[in-house]
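Comments concern the structure below.
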Amino acid sequence: MNQWSAGGPPVPWSQHGVAHMRASDADRERAVDVLRAAYGEGRLSKSEHDHRVGAVYRAATYGELVRLVGDLPHGPLPFAPGPAAVPQAFLPPPPRPTNGSASGALVCGLLTMVTGGLTGVPAVILGHKARAEIRRTGEDGDGMAIAGLAMGWLAIGGWTLLILLFVLMSGG
């Protein structure tokens with residue numbers, strides 16, 4: 001009889017009662033896969049591998065399975081109930097924050113229609129400021145900054161054209 005048959009290492013989650021949960025056939029197959037990998041890597045001898053595989057097929061609970069594979073890489077992970085831990089490499093990147101100046105440029109650009117173009121200058125200033133910050137920090141919001149710039153320049157161009165026409169008509 002070796003250390004893995006009866007006692008073995010302490011069972012994780014025993015304080016939560018998970019060690020006593022019934023194991024499924026799929027859980028046993030995952031444990032056998034861990035044992036096969038460990039044997040293939042030279043972590044287990046042939047006799048220890050055979051003994052543990054036999055014990056895995058006789059195991060009825062998570063606790064018994066964990067005792068058999070808990071000392072091997074990736075041993076206890078397949079048996080953890082609840083949400084599975086996802087390696088950081090497989091998680092999507094965290095969302096980037098949106099630049100506040102870009103939001104302001106877009107709002108000022110949209111307000112040019114309501115204010116008769118008076119918010120065009122702030123839209124252009126905020127738009128250029130936002131684009132510089134976005135290049136430096138990598139934030140989101142470049143599209144909003146460009147939209148604010150476009151609407152601001154259109155409003156400034158419209159006012160410039162209107163003033164030019166007024167000057168030409170009054171002097172002419």
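Of all residue pairs spaced 6 or more apart or on separate chains, those with beta-carbon atoms under 8 Å, a first member in region 112-125 that is in contact (Cβ under 8 Å) with a residue 40 or more places away in the chain and polar (S, T, N, Q) and a second member that is assigned to a helix (DSSP H, G or I) and open to solvent by less than 50 Å² (accessible area, probe 1.4 Å) are T112/G120; T112/A123; T112/M151; T112/G152; T112/A155. Within region 30-55, residues that are under 13 Å from P73 (Cα atoms) sit with their Cβ atoms under 7 Å from residues that are open to solvent by 50 Å² or more (accessible area, probe 1.4 Å) and not aromatic (F, W, Y), at 6+ positions apart or across chains, in these pairs: V34/H74.
The values are calculated or read from the model by the stated rules, or taken from the named source; none is laboratory data. Fair warning: this is a prediction, and the values are worked out from it, not measured in the lab. Glycine gets a Cβ as well: all are built from the backbone with ideal geometry, and neighbour counts include every protein chain shown. SASA here: full protein model, heavy atoms, side chains in, ligands and nucleic acids out. Shrake-Rupley method; radii C 1.70, N 1.55, O 1.52, S 1.80 Å.
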